[in-house]
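A quick write-up on the structure given underneath.
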Amino acid sequence: MFDVPPGPHRVEVWVPYVFPRRAGRASVDLVIAEQGVSMEYMAPSVTFAKGSLGPAGQQKSAGFKTVHAFNIAAIVLVVIAFIYLRTR
């Protein structure tokens, strides 16, 4: 939690990483009222994807579908290779 005065602000968030130095960058411009605001950051599933920053509870991880698809493809490939080697 950060205390900032009411008014317009730019919020930038990232994850420190080796390469790139700032992975999962996300930013938003907002106007903070007297009562404050709650934000949520979601880091991406893939290093080079953008992060997600916005209202709490509404963020989704970028790249999840891509990672899931690659995992399914890898499993299918291993099963096919296993079947091929068993029939030889």
Exercise. With Val37, Val4 as the choices, which residue is free of Cβ contacts under 8 Å to residues at least 12 places away in the same chain, part of a loop (DSSP other than H, G, I, E, B), in contact with a strand residue (DSSP E or B) (Cβ under 9 Å, 6 or more places away or on another chain) and surrounded by 10 or more Cβ atoms within 10 Å (Cβ to Cβ)?
Worked result: Val37
Exercise. Does Ser52 meet the test of being in contact with a helix residue (DSSP H, G or I) (Cβ under 6 Å, 6 or more places away or on another chain), surrounded by 11 or more Cβ atoms within 10 Å (Cβ to Cβ) and of a type in the set (S, T, N, Q)?
Worked result: no
Exercise. What are the residue pairs meeting all of these: first residue in segment 68-85, first residue acidic (Asp, Glu) and in a helix (DSSP H, G or I), second residue modelled with pLDDT of 95 or more and surrounded by 10 or more Cβ atoms within 10 Å (Cβ to Cβ), Cβ atoms under 6 Å, and 6 or more apart or on different chains?
Worked result: none
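At pLDDT below 85, surrounded by fewer than 10 Cβ atoms within 10 Å (Cβ to Cβ) and not acidic (Asp, Glu): which single residue out of Phe64, Phe19 fits that description?
Within the list Phe64, Phe19, the selection yields Phe19.
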Problem set entry | Selection count, segment 7-31, where residues are in a loop (DSSP other than H, G, I, E, B), free of Cβ contacts under 8 Å to residues at least 12 places away in the same chain and touching a strand residue (DSSP E or B) at 6+ places or on another chain (Cβ under 9 Å) | 1
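The values are calculated or read from the model by the stated rules, or taken from the named source; none is laboratory data. Just so we're clear, the structure is a prediction, and the values are computed from it rather than from any experiment. Quick reminder, even Gly has a Cβ in these numbers, built from the backbone with ideal geometry, and neighbours come from all protein chains shown.
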